[in-house]
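The values are calculated or read from the model by the stated rules, or taken from the named source; none is laboratory data. Given the structure is predicted, the values throughout are model-derived calculations rather than measurements. Cβ placement follows ideal geometry from the backbone for every residue including glycine, while neighbour counts extend to all protein chains displayed. Surface areas here come from the heavy atoms of the whole protein model, side chains and all, with no ligands, DNA or RNA. Shrake-Rupley method; radii C 1.70, N 1.55, O 1.52, S 1.80 Å.
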There are 2 protein chains.
Amino acid sequence: MKAAKYTALVIILTCAFNLPCPVSAHSFADEMMATSQLNLMPVPASLQTQTGRLPITSSFSVLVKNYADDRLRSGIARMLRRLAGRTVLTFPAELATDESAATLVVQCDRAGEAVPSLGENESYRLDVTDKQARLSAPTVVGALRGLETFLQLVQGDRVGFYLPGIKIQDQPRFPWRGLLIDVGRHYEPMEVLKRNLDAMAAVKLNVFHWHLTEDQGFRVESKRLPKLHTLGSDGLFYTQDQVREIIAYARERGIRVMPEFDIPGHSTSWLVAYPEMGSAPGPYKIERGAGIFEPALDPTREQTYKFLDAFLGEMAALFPDAYMHIGGDENEGKQWDRNPQIQAFMKAKGIKDNHALQAYFNQRILKILQKHGKKMIGWEEILHPDLPKDAVIHSWRGPASLAEAAKKGYDGILSAGYYIDLIFPASQHYLADPIPPNSTLTTAEAKHILGGEATMWGEWVSPETIDSRIWPRTAAVAERLWSPRNVTDIDDMYRRLPVISRQLEELGLTHEKNYDMLLRRLAASENSGPLRMLASIIEPVKEYRRYQVRPQTMLSPLTGLVDAARPDSEAARQFASNVDAFLSDAPRFALYRPNLEHTLAEWQTAGRALGPMIDRSAALQEARPLANNLSAIAEAGLEAMSYLSARDAATTEWRNEQLAKLDEAAKPKAALEFVVITSVRKLVIAAVELPQLRTITPAEWKKRVTTQATARP
Amino acid sequence: MKAAKYTALVIILTCAFNLPCPVSAHSFADEMMATSQLNLMPVPASLQTQTGRLPITSSFSVLVKNYADDRLRSGIARMLRRLAGRTVLTFPAELATDESAATLVVQCDRAGEAVPSLGENESYRLDVTDKQARLSAPTVVGALRGLETFLQLVQGDRVGFYLPGIKIQDQPRFPWRGLLIDVGRHYEPMEVLKRNLDAMAAVKLNVFHWHLTEDQGFRVESKRLPKLHTLGSDGLFYTQDQVREIIAYARERGIRVMPEFDIPGHSTSWLVAYPEMGSAPGPYKIERGAGIFEPALDPTREQTYKFLDAFLGEMAALFPDAYMHIGGDENEGKQWDRNPQIQAFMKAKGIKDNHALQAYFNQRILKILQKHGKKMIGWEEILHPDLPKDAVIHSWRGPASLAEAAKKGYDGILSAGYYIDLIFPASQHYLADPIPPNSTLTTAEAKHILGGEATMWGEWVSPETIDSRIWPRTAAVAERLWSPRNVTDIDDMYRRLPVISRQLEELGLTHEKNYDMLLRRLAASENSGPLRMLASIIEPVKEYRRYQVRPQTMLSPLTGLVDAARPDSEAARQFASNVDAFLSDAPRFALYRPNLEHTLAEWQTAGRALGPMIDRSAALQEARPLANNLSAIAEAGLEAMSYLSARDAATTEWRNEQLAKLDEAAKPKAALEFVVITSVRKLVIAAVELPQLRTITPAEWKKRVTTQATARP
């Protein structure tokens, strides 16, 4: 069923990209079925399966042809290490010298850009037959992308590991595919950044947007203005050597490193060191809260620009990327409003409002950046009639505002829809498109849309939890930005996502393993089973509600149940799908019945077991109402199932009682919410709607049940 | 039951150390029962519980009295971060200033040694009442030790987190308590070393023995002789800056860093760079195998000593520790035997054998080290009548040879019994004592026994698996070396070990979380349940058998089932204990019956489920015979249980058939072996021995069963 879906997609892609179409869809689908399912993410621009399979044995060898350099050889060595780790095979220590005997031949034409750049050619071809795999690419970066595809193609069965026969021609849809990591609010150690760079490379992302300064922390060493990092960072900053180490590490993987220095707002930590640059007298303290704060640089004084020239000049020399991000977001200008000098300046210059004042500031900064050889990029607040056209717009509002900027001639990238810190499911991010199907942009205008970036804002992530907030969902964003626009099958994305997620673990990512660890710690026990059951169907509250309902500071531990729980519950998705199948099977109600009963019984058992566990664990006290809710949800579901199985209609009193319990359970507690309520509501409503099945078709009946279940007061 | 055991221990300790004894054992035991169980490891020199409990709330604050420095403040900050993480509480950002309001008062007298040293005073007192905790120590290092005890005392229940009232007076039994990590055979990244230093500090170990050179790798940068690390390390070495970083990190935690440069054998990687220092002409290649190899430095040429003087002099300046380890082990002298020049030298100098030649070499090295201000330590092979008394002996043969050296006046440390790479259970290491109860050493001689070191030899560990080979078992070694000699209750050690193990996860240790990760990877599935069940009752083969039965090289991936499986199976220990209790309950056979039946049924189910899983996973092919064995073991156990439950004697034919199946299952496969065979043999033999219960007592019967079950052909 799912293989067929993927096959269909493959056919569309293959044909769409003018590659040789399979002779007939039928024979092609048969072939796909005969071989294994493909788990590529992002889906390549075009692919075509071939007969046969290439075995991976301990004699696996790689030959490098034409151009080769250390970056390519390191990339091959990393690929081999992962391949060996996954297959538990010991490969030859040296590269092959006999082309005909090599398992994989890698053929590059040239190094690619010395500094990874927006224009980098990332394309590659990969041709796998039962004899050999051949990877060719114009640049080393393209070859690195192809090596990731190679690893994703590896399959195994009782006979051994192999690659299916396949022909791939691949290149990205967008040239700018980024991940922002905010290290300002919470510092992240070097190894966190490195393993996330590895993960980015695995899904072909190519821009690490390093959000280095925030109200809550100034994270980069400045040799010219050392008070910035010494006073603004609690000692948690990256030395310039470390910055160079990250840049080199990213370059090895064909990833650009674009720094962000957020000004004129979001700058409290700068002003701790240099209060004289602020718009209010100070003194300033490192911010410990979350939210939008007032401190802003004073855009009316020449010393501010002298200071920024010194600092940004130093950073321009440190970071080789062509772009420098100046933030520019969320400056509400309250300090400006209250500063008579600033008000006088505006009056004298005829600057009519704060937005115009910030535009004045941005133009000054643009000149500084140009002097230091950098292109300016900023959040979309920087957009202003006076903004020169060579500034780049970073949209957090949406594709519409991005399109508007593009029509005015500005390059832009999209982050609206990719705010992974807001805990929305991958499916939601997956469908956000920088150039949506209804776009009215001309081809020339559309060229201004460079791509997008997932944004890992740092309020509520620690080194222990950040991976689980980024991965695996960001792989879906990566696919959106790399793959053809028509790759939008959510079910197939969710089929592939866990496979990719497990492969990310090979790179040291902790999104999976720290889940159990945090639960063990909370349960104060090795046997965290019931807690794991609860955690599997709850998610942190969405958007910015966490801080509202469970306030913490930047110094708070991020080790609560809300931190262990993850976005995008797979268990809930599976349950919802099974409930839908079960209700579609009306009036028989046999499909998935044992599965649903088993699941609900497990919840019931877990709900009961949680009480004593919570009694023993002080850290779980806030979970007690959730444990009670879990029991109530399970009981409502089990009772509904028993009505439906017996084809015995429930009463409206019973329904009302159950719905009331479910409404209570639906209220967030401890900044967590159940994500199975709607599914259980469906079961409850179905139980009372049973008699309707006599008068309407099962399909109509299911629709009626669903409508009622999803209607909220 | 177990609390009572611990209580008894506490009373012994308390009285033994001349602290005020509890008024009566009875009231004291009652008090222990009333409060919670203590999970301290190592057990302090003396402790006494007090009434009351000190609550840990979000107003938890620390005040520092008398002496304070950055090291102490950092230690307190680390303690607070872990306490916050465990309790999910946000504490005040600043240290307290009002002594009476502070939750914890830390009072130090002085900094302690500038460079952590053997003579460091590590003692502390900790007094916890319902009002306040007071930690006092002569040195900052003592305070750091006390802060670890403080964290281990934290308990929680539905009311909240707290510390039980307690008085502790603590100091180590031995001043040298080390962990050797061999980074020569497999390089370990900085973060692996750092998190292991954190774990060492958590269990009060104080020497990091950094085994930096091996046949398989030369891991430290030499600026004087850079070919050593550039040619001898595959690019995997520590820069001198990184060495300094590790030394500083260890010092922060009161841990010495003693380097080892293993000579004259184990030196292949040196000779890759400098073949002219070898005893055979070369050329040499970095060794990829495991075992004892022939290359050895040439001890007869002056250039060798000039070379070593330059290198060891450079290292003496880099490593501030007073001791330098020169290895000296496992040089079989085969290259010496074959080198005519060396033979001529020996003849000319009257050196009668290779041992004497190595003694000559060691004396030369000793002089070099003395010149550079270092004390020499080496493996016990260096012991020779000519060895000066200020050399230290590191014993891998056992306490007897150590005692012998002590009687001759040599200081020594023990590693025999602490070879954690050999996969023996913690209980075995736990009972190995540097000065065993039967020791005949005088008090003065015993003072030469400085302590011991657990040795993490690096043949079969990767960054992914090394933590699981070190922890939690090394915590038991740490207790042996710190706690009073009479702390030897294995059951109580195993009761506390999982608690300590979980706490180590707070420091980033991966011994627990990488287990599931490796199983997921092998299963190629999120649902690794059946594989986990199998892995829970198998262990890697012991001693040096792994390499014999499943040869690999240093370039092989360490991601097989043997790498995921861990030493010291808790499930097997639990099963054995339950089987014993069940058989002791003869002829009723009720005790633990449901538990045993459930466990055996789970094994049976897992055995069946493994087949299809193995069909899908190429990496699990070597596990297939184990899966079949698992089913056979489960069936033998279940059938035996059903005979016993029905009090229906089995036939000898049946028994022979089962024992044959178990003998087959007992054979190692994939370098793994079941550790539940003896327990299942007991059940099988019990089933056939049932009629004997008519003629002998249940106790005699159980002994008879046990004797037969443990007798091996």
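Here are the numbers:
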{"quantity": "Nearest beta-carbon to the B/A symmetry axis - residue in chain B, distance in Å", "calculated": "B:513, 2"}
{"quantity": "Surface share of carbon and sulfur [accessible, 1.4 angstrom probe, percent] for the range A:618-713", "calculated": "53 percent"}
{"quantity": "Net length gained if the chain between residue A:332 and residue A:81 were fully extended (0.36 nm per residue, minus Cα distance)", "calculated": "85.3 nm"}
{"quantity": "Residue-normalised accessible area of chain A, given per residue in Å² at a 1.4 Å probe", "calculated": "36 Å²"}
{"quantity": "Whole-number percent relative contact order across the range A:344-396, with pairs defined as alpha carbons under 8 Å at least 6 apart", "calculated": "31 percent"}
{"quantity": "Accessible surface of the range A:92-174 [probe 1.4 Å, protein heavy atoms]: carbon and sulfur percent", "calculated": "48 percent"}
{"quantity": "Cα lying deepest toward the dipole's positive end in chain B, options B:179, B:691, B:327, charges on Cβ", "calculated": "B:691"}
{"quantity": "Label-to-label distance, nm, for residues given as residue B:595 and residue B:245 (7 Å Cα→Cβ offset)", "calculated": "4.7 nm"}
{"quantity": "Qualifying lysines (Cα of each under 20 Å from Cα of residue A:661; at least 8 residues distant if same chain)", "calculated": "A:669, A:682"}
{"quantity": "Using θ = phi - 60° and Karplus 6.51 cos²θ - 1.76 cosθ + 1.60, couplings along the range B:266-271 (whole Hz; Gly, Pro as x)", "calculated": "6, 10, 3, 5, 5, 7"}
{"quantity": "For chain A, the Rg and Dmax computed from alpha carbons only, in angstrom", "calculated": "27.6, 82"}
{"quantity": "Exercise: per-residue mean of other protein chain Cβ atoms within 10 Å, A:517-523", "calculated": "4"}
{"quantity": "Chain B, helix-only ellipticity at 222 nm - DSSP H runs n ≥ 4, -39,500 (n - 2.57), divided by all residues, nearest 500", "calculated": "-14000 deg cm²/dmol"}
{"quantity": "Karplus 3J(HN,Hα) series, Hz, for the range B:161-178 with 6.51 cos²θ - 1.76 cosθ + 1.60 (x for Gly, Pro)", "calculated": "8, 6, 10, x, x, 6, 10, 10, 10, 9, 7, x, 6, 10, x, 10, 10, x"}
{"quantity": "At least 30 Å² accessible surface lost relative to isolated chain, residues of the range B:530-566 (1.4 Å probe)", "calculated": "B:555, B:557, B:559"}
{"quantity": "Cut-off under 5 Å, modelled amide H: who pairs with residue B:139 long-range", "calculated": "B:109, B:110"}
{"quantity": "Relative contact order of the range B:574-713, pairs being alpha-carbon contacts under 8 Å that are 6 or more residues apart, as %", "calculated": "27 percent"}
{"quantity": "Pairwise centroid distance, computed over Cα atoms, of the range B:229-261 with the range B:418-456, Å", "calculated": "27 Å"}
{"quantity": "Charge sum, other residues only, whose C-beta stays under 10 Å from residue A:561's C-beta, Lys/Arg counted +1 and Asp/Glu -1", "calculated": "-1"}
{"quantity": "Kirkwood Rh and Cα Rg combined as Rg/Rh, the range B:636-713", "calculated": "1.00"}
{"quantity": "Mean Cβ count within 10 Å, highest first, over the residues of peptides A:201-208, A:504-511", "calculated": "A:201-208, A:504-511"}
{"quantity": "Neighbouring partner chain Cβ atoms per residue of B:414-425, average, 10 Å criterion", "calculated": "0"}
{"quantity": "Hull volume in cubic angstrom per residue (convex hull over the Cα atoms of the range A:531-676)", "calculated": "110 Å³"}
{"quantity": "Calculated label separations, residue A:694, copies of the chain, 7 Å along the beta-carbon direction, nm", "calculated": "6.9"}
{"quantity": "Rough spin-label spacing in nm, given labels placed 7 Å along Cα→Cβ, for residue B:699 and residue B:447", "calculated": "4.8 nm"}
{"quantity": "Extension reserve of the residue A:711-residue A:130 stretch, reckoned as 0.36 nm per residue once the Cα distance is removed", "calculated": "203.7 nm"}
{"quantity": "Over 28 Å between alpha carbons, listed pairs B:223/B:334; A:349/A:389; B:375/B:408; B:223/B:375; B:65/B:204; A:306/A:347", "calculated": "B:223/B:334"}
{"quantity": "Length gained when the stretch residue A:370-residue A:355 is fully extended (0.36 nm per residue, less Cα-Cα span)", "calculated": "3.2 nm"}
{"quantity": "Point-charge dipole on Cβ atoms (K/R +1, D/E -1) for the range A:53-179, about Cα centre, debye to 20", "calculated": "340 debye"}
{"quantity": "Cα Rg, Dmax (largest Cα-Cα span) when computed across the range B:240-314, Å", "calculated": "15.3, 45"}
{"quantity": "Built amide H within the under 5 Å cut-off of residue B:323, gap 5+", "calculated": "B:375"}
{"quantity": "Trypsin sites (Lys or Arg not before Pro) lying in DSSP loop within the range A:509-543, provided at most 12 other Cβ fall within 10 Å", "calculated": "none"}
{"quantity": "Relative contact order computed over chain B (Cα-Cα under 8 Å; 6+ residues apart), in percent", "calculated": "10 percent"}
{"quantity": "Label geometry 7 Å along the beta-carbon vector: residue A:306 inter-copy distances in nm", "calculated": "6.0"}
{"quantity": "Kirkwood Rh, angstrom, the range A:448-606 [1 / mean 1/r, Cα pairs]", "calculated": "18.0 Å"}
{"quantity": "Label 7 Å beyond Cα on the Cβ vector: residue B:660 copy-to-copy distances, nm", "calculated": "6.9"}
{"quantity": "Two-decimal Rg to Rh for the protein assembly as shown - Kirkwood Rh, Cα set", "calculated": "0.97"}
{"quantity": "Average beta-carbon neighbours from other chains, 10 Å sphere, peptide A:81-94", "calculated": "5"}
{"quantity": "Approximate spin-label separation residue A:431-residue B:344, in nm, with each point projected 7 Å along Cα-to-Cβ", "calculated": "8.8 nm"}
{"quantity": "Fraction of antiparallel bridges per DSSP, the protein assembly as shown only, in percent to nearest 5", "calculated": "40 percent"}
{"quantity": "Mean Cβ neighbour count within 10 Å, used as a protection proxy, ranking A:437-448, B:401-412 highest first", "calculated": "B:401-412, A:437-448"}
